[in-house]
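The next block holds one structure in the form of structure tokens; read it before the comments.
The values are calculated or read from the model by the stated rules, or taken from the named source; none is laboratory data. Everything numeric here is computed off the predicted structure, so don't read it as measured data. Neighbour counts are summed over all protein chains in view; Cβ atoms, including those assigned to glycine, are modelled from backbone coordinates with ideal geometry. Heads up: the accessible areas ignore ligands, DNA and RNA and are worked out on the full protein's heavy atoms, side chains in. Shrake-Rupley method; radii C 1.70, N 1.55, O 1.52, S 1.80 Å.
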Amino acid sequence: MAEKVTFKVFRFNPEKDKKPYYQDFEVEIRKPGMMVLDGLNQIRWEMDGTLAFRRSCREGVCGSDGLNINGVNMLSCITHISDLKPPIVIQPLPSLPVVKDLVVDLTDFMNKFFLVKPYLITYSPPPDKERLQTPEERKKLDGLYECILCACCSTSCPSYWADPEYLGPSALLNSARFILDSRDEGADERFEIINDRHGVWRCHTILNCIEACPKLLNPTEAIGELKKILIKKKF
Amino acid sequence: MAMDKVEIHKHDIVIVGAGGAGLRAALAASKEVNTAVVSEVLPTRSHTVSAQGGVAATLSNVEPDDWLWHMYDTVKGSDYLGDQDAIEFLCRMAPEIIIELEHMGMPFSRLENGKIYQRRFGGHTKEFGKEAVCRSCAAADRTGHAMVHTLYEQCLKNGVTFYNEFFALQILTNEGHVVGVLAWDIVNGGFHLFHTKATLFATGGYTRIYRTTTNAHINTGDGLALTMRAGFPVEDLEFVQFHPTGIYGVGNLISEAVRGEGGYLVNKDGERFMKRYAPTVWDLASRDVVSRAMAEEIRHGRGCGPKGDYILLKVDHLDPELIHERLPGIWELAYVFAHVDCTKEPIPVVPTAHYSMGGIPTNLHGEVVLGSMDSPESPVPGFYAAGECACASVHGANRLGTNSLLDILVFGKVGGEKAVEFCQSLPEHVPLPENAGKEGIDEVKRLVDSTGDEKMDAIWEELRDTMEANCGVFRTEETLSKQKKILENLCERFKRVRLDDKGKVFNLDLIETLELGHMLEFSKAIVEGALARTESRGAHYRDDFPERDDKNWLKHTLAYLNEDGRIRLDYKPVRLKPLTVPTFEPKERVY
Ligand SMILES: Cc1cc2nc3c(=O)[nH]c(=O)nc-3n(C[C@H](O)[C@H](O)[C@H](O)COP(=O)(O)OP(=O)(O)OC[C@H]3O[C@@H](n4cnc5c(N)ncnc54)[C@H](O)[C@@H]3O)c2cc1C
Ligand code: SF4
């Protein structure tokens, strides 16, 4: 008989349930390398079609399926079932309002992203050809531009939980993505927003975000970089 | 559940889809008229995010290049089924559209001199096929991610209105115009009717109908089914691209960029077999050629592994530093999905369903067009399409790598601009028809209320397996006829499908079942088009008709959906005349 693994899944249907509960499902391991998302699909397709979660690319680049799995935030599509200790406890990302089951409301997370002006700002007219950028200048964007807006980092951060106005690691990392771009001319506008007690100074280097980021990015370091620039500007 | 309430929204333009094509269109349109985007997912979750290798443009940053060579490669790659006016337009627009994207902030990789980095890619050559050329503009191997984020950022900057997590259910028509679209709010439940002057579809591809696929879960070809249901045709659906290098067992893509950077394929004897199939460019031949060569090797017992059912892709001879710098995403994918450190061992790969060459028929302005062998093409007022869901046709029977990201930018932009012109010429919205959206609303109600005995997944499983077996890299009259019957049967079973979830809030069961209904519908068009086309051209390979037949088949297939659910096929000529240069006459294709 095929091996089975218990998934303990957070359930909440606002149309029916007064409060959330956990439901156990026995997921059958049918091939080596099965991901948590494969297990969730098996549950939805074969056991209980009412289970709700988000998914799209199934290869860790679209950021739809950030979940809290055995207590740590990660993407279900690139997390091997065999790497987890059963029973596998699956919850929605912490601290955000739950829409249904594993689906959370990302409005607050996205609004904070919008706040930091996450787009290239330029005032000088562009040349006819591309703006030049040396490979060294471009390298400064590595570790920043790969962010997939999965919210794993921000929702793992105690400061983000405690301070409803804190921009959070993801928005701050995304502001660094542009501030450190040699082509960008909007650093001052952005610093006005992030140089604030709900901005970079709210980060107390708890480091949860680094562990949570499925793209192996380092928001704490990015925030540190921004703090350094701000301190330099002061003197 | 009470579901009769329909909220009405009025915009000049609604764009359905927020991948590269939809976002580029939104940018072009939102500056001029009241524009909104409707998308099943948050824009950056769209499938464009997965594109890896790059986007083609003759920037000549590494070596001299010419749009005419690009055009030649694209026409040849299309196995001469591409429309040469649209292809000329595409290739000439490419440099400008890439520079524009750079100005928007796209984080391209860079050359030492600070210009955009370019690499080689399959089918792209200099001097009309002489040797491979560096034409693919890349952001490492995360080009699609960088692109969709850049476009989304610019949309935010320009204040574009988004209806995210809304699922389009029906195209609305009246007085010969497309007048809007009906959608379902996935998060809260409920119907929304978008009344427009112009509607642009950018709903992407569909290879979720195959078991082994590079495509995202959401790539279910909704736009095609909605188009067919509204009475419009879809074009050339039998041309489905199988990418040579999907990870064995899962299908995830290993970009051609790997071969562009020097990787190559070997069979179980360690032989670089591609030299036998494509003596000039070997592993950088176009995709249909490489996929077929791999399938041939496997067929003849030269596949690798205990079952002899895969090929090995070698990169371990390359400098590990180069791999980590230029192909970091590939390294990650191979490691996570195949347990292989590709700096040390080869990656097991198989051909995998990847891309839809066919789609909603358009001209080179992104206008959806009707036409036939003896009536010239004419636009459908108010209806536009761009990107993978559309068929301009720049890819013909086989798409070259990096030409899709280019296609979505060029035709997204042009389609958006054309829609704006149309809106400005139309003083008032054409009124909605009576009972607008009734069919879409009834469909949802029927599914939610159904008490049948069929499960969605069982039908989808069979669809995936049988499409792969009977309508894959190789096809014959026998397999296609069999598949036609299977589809009839699956459609019958689908009528009895029952949902577990009867609720309104985030009902994924409902969405996936709607998607399955769409897939069954256009799969019929794929299979019937393939059955009728008794030749081999590009990605459509008939074992029983292995030659290309220009005399009878140098024409586009159009598939219509009859009221009784059957497919009616029609045809229209290939637009062989380019805009300014002489026609590239059909020739035998060798690489
Ligand atoms: C793994 C992979 C790698 C690739 N690499 C390259 C490459 O290197 N170079 C290249 O040129 N091409 C590449 N391609 C192909 C290219 O990425 C796609 O063809 C292209 O991105 C499609 O873009 P699009 O905007 O047309 O559609 P998509 O990006 O797929 O967007 C479709 C949009 O439509 C929306 N939608 C769909 N149905 C509905 C509905 N019913 N209601 C509401 N919204 C809906 C979705 O929400 C989404 O926003 C690759 C493809 C894959 C799979
Ligand atoms: S920084 Fe990492 S964890 Fe945070 S949103 Fe971006 S990808 Fe996700």
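Restricting to the range B:39-70, name every residue that is among the hydrophobic types (A, V, I, L, M, F, W, C) and within 16 Å of ligand 1 (Cβ to nearest atom).
Of the range B:39-70, the ones among the hydrophobic types (A, V, I, L, M, F, W, C) are B:41-42, B:49, B:51, B:55-57, B:59, B:62, B:67-69.
If the condition is that a residue be among the hydrophobic types (A, V, I, L, M, F, W, C) and within 16 Å of ligand 1 (Cβ to nearest atom), then B:V41, B:L42, B:V49, B:A51, B:V55, B:A56, B:A57, B:L59 are the ones that fit.
In the range A:117-159, of all residues being of a type in the set (F, W, Y) and within 11 Å of another protein chain (Cβ to nearest Cβ), the one that is surrounded by the fewest Cβ atoms within 10 Å (Cβ to Cβ) corresponds to A:Y119.
Kindly establish whether A:D38 is facing chain B (nearest Cβ under 10 Å), closer than 24 Å to B:W460 by Cβ and without any contact (Cβ under 8 Å) to a residue 60 or more places away in the chain. It is true that A:D38 is facing chain B (nearest Cβ under 10 Å), closer than 24 Å to B:W460 by Cβ and without any contact (Cβ under 8 Å) to a residue 60 or more places away in the chain. Taking the range B:454-468 as the range and being surrounded by fewer than 19 Cβ atoms within 10 Å (Cβ to Cβ), more than 20 Å from B:R292 (Cβ to Cβ) and either more than 14 Å from chain A (Cβ to nearest Cβ) or touching a Pro at 6+ places or on another chain (Cβ under 7 Å) (or both) as the test, only B:D465 passes.
Does the range B:491-511 contain any residue that is of a type in the set (S, T, N, Q) and outside any helix (DSSP H, G or I)? Yes: one or more hits.
Inside the range B:264-288, residues that are touching a Ser or Thr at 6+ places or on another chain (Cβ under 9 Å) and either part of a loop (DSSP other than H, G, I, E, B) or within 16 Å of ligand 2 (Cβ to nearest atom) (or both) make up a count of 3.
Given the criterion within 14 Å of another protein chain (Cβ to nearest Cβ) and open to solvent by 10 Å² or more (accessible area, probe 1.4 Å), identify the matching residue among A:I179, A:I193. Selected residue: A:I179, the only one of A:I179, A:I193 that is within 14 Å of another protein chain (Cβ to nearest Cβ) and open to solvent by 10 Å² or more (accessible area, probe 1.4 Å). Can you name the residue in the range B:334-356 that is touching a Gly at 6+ places or on another chain (Cβ under 8 Å) and open to solvent by 10 Å² or more (accessible area, probe 1.4 Å) and is also nearest to the other protein chains (Cβ to nearest Cβ) among such residues? Once the filter is applied, the top-ranked residue is B:V336.
State which residue pairs qualify: first residue farther than 19 Å from B:Q154 by Cα and inside the range A:122-136, second residue among the aliphatic types (A, V, I, L, M) and assigned to a loop (DSSP other than H, G, I, E, B) in any location, beta carbons under 8 Å apart, and separation of 6 or more residues or different chains. These pairs meet every condition: A:P135/B:L111.
Matching residues to (1) touching a residue at least 40 places away in the same chain (Cβ under 8 Å); (2) more than 23 Å from B:G251 (Cβ to Cβ); (3) more than 16 Å from ligand 2 (Cβ to nearest atom):
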{"position": "A:G63", "(1), (2), (3)": "yes, no, no"}
{"position": "A:I69", "(1), (2), (3)": "no, yes, no"}
{"position": "A:M74", "(1), (2), (3)": "yes, no, no"}
{"position": "A:T79", "(1), (2), (3)": "yes, no, no"}
{"position": "A:L84", "(1), (2), (3)": "yes, yes, yes"}
{"position": "A:I90", "(1), (2), (3)": "yes, yes, yes"}
{"position": "A:L96", "(1), (2), (3)": "yes, yes, no"}
{"position": "A:V99", "(1), (2), (3)": "yes, yes, yes"}
{"position": "A:L106", "(1), (2), (3)": "yes, yes, no"}
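Checking each residue in the range B:87-143 for being within 25 Å of B:H243 (Cβ to Cβ) and among the small types (G, A, S) picks out B:A94, B:S109, B:G122, B:G123, B:G129, B:A132, B:S136, B:A138, B:A139, B:A140. Looking across the range A:88-116 at every residue that is over 20 Å from A:A52 (Cα atoms) and open to solvent by 60 Å² or more (accessible area, probe 1.4 Å), the one that is farthest from the other protein chains (Cβ to nearest Cβ) is identified as A:D108.
Candidates are the residues of the range A:41-52 that are part of a loop (DSSP other than H, G, I, E, B) and within 7 Å of chain B (Cβ to nearest Cβ); the one that is surrounded by the most Cβ atoms within 10 Å (Cβ to Cβ) is A:A52.
For the criterion of being crowded, with 22+ Cβ neighbours inside 10 Å, within 19 Å of the chain's Cα centre (by Cα) and not small (G, A, S), B:Q118 fails. Just a yes or no: is a residue in the range B:65-79 in contact with a strand residue (DSSP E or B) (Cβ under 9 Å, 6 or more places away or on another chain), within 14 Å of chain A (Cβ to nearest Cβ) and farther than 22 Å from B:R575 by Cα? No, because not a single residue in the range B:65-79 is in contact with a strand residue (DSSP E or B) (Cβ under 9 Å, 6 or more places away or on another chain), within 14 Å of chain A (Cβ to nearest Cβ) and farther than 22 Å from B:R575 by Cα. Is there any pair with a first residue in the range B:257-273 that is open to solvent by less than 30 Å² (accessible area, probe 1.4 Å) and a second that is in a loop (DSSP other than H, G, I, E, B) and of a type in the set (D, E) whose Cβ atoms are under 6 Å apart and which are 6 or more apart or on different chains, and what are they? Close Cβ pairs (under 6 Å, with a partner that is in a loop (DSSP other than H, G, I, E, B) and of a type in the set (D, E)) amount to B:A257/B:D141.
Regarding the range B:65-80, can at least one residue be identified that is basic (K, R) and without any contact (Cβ under 8 Å) to a residue 60 or more places away in the chain? Checked the range B:65-80: no residue is basic (K, R) and without any contact (Cβ under 8 Å) to a residue 60 or more places away in the chain.
Every test in (1) open to solvent by less than 40 Å² (accessible area, probe 1.4 Å); (2) at pLDDT below 95; (3) not basic (K, R) is passed by B:S523 save one, and that test is (2). Considering B:S78, B:S50, the condition of being within 16 Å of ligand 2 (Cβ to nearest atom), touching a Gly at 6+ places or on another chain (Cβ under 8 Å) and within 30 Å of B:Y541 (Cα to Cα) is satisfied by B:S50 alone.
Just one of the listed residues (B:G437, B:G416, B:G387) is farther than 26 Å from B:A353 by Cβ and under 21 Å from the mean Cα position of the chain (by Cα), namely B:G416.
A search for C-beta distances below 6 Å between a residue of the range B:392-411 that is more than 18 Å from B:D283 (Cα to Cα) and any residue that is open to solvent by less than 10 Å² (accessible area, probe 1.4 Å) and of a type in the set (K, R), counting only pairs 6+ apart in sequence or on different chains, returns B:A397/B:R537. Annotation note: of B:C471, B:C491, the sole residue that is in contact with a Ser or Thr (Cβ under 8 Å, 6 or more places away or on another chain) and either more than 14 Å from chain A (Cβ to nearest Cβ) or open to solvent by 10 Å² or more (accessible area, probe 1.4 Å) (or both) is B:C471.
Restricted to the range A:214-234, and to residues there that are open to solvent by less than 20 Å² (accessible area, probe 1.4 Å) and within 15 Å of ligand 2 (Cβ to nearest atom), the residue that is nearest to A:P169 (Cα to Cα) is A:P219. Take the conditions within 9 Å of chain B (Cβ to nearest Cβ) and among the polar types (S, T, N, Q) and apply them to A:N68. Does it pass? The answer is no for A:N68. Take the range B:27-43 and flag every residue that is surrounded by fewer than 22 Cβ atoms within 10 Å (Cβ to Cβ) and within 16 Å of ligand 2 (Cβ to nearest atom). Listed by number, the list holds a single entry, B:L42.
No other residue among B:E112, B:E88 is among the acidic types (D, E), in contact with a Ser or Thr (Cβ under 8 Å, 6 or more places away or on another chain) and either part of a loop (DSSP other than H, G, I, E, B) or surrounded by fewer than 19 Cβ atoms within 10 Å (Cβ to Cβ) (or both) apart from B:E112.
Would you check if there is a residue in the range B:402-424 being closer than 26 Å to B:R548 by Cβ and not polar (S, T, N, Q)? Yes - at least one qualifying residue is present in the range B:402-424. The requirement of being within 16 Å of ligand 1 (Cβ to nearest atom) and not in a loop (DSSP other than H, G, I, E, B) is satisfied by A:M110.
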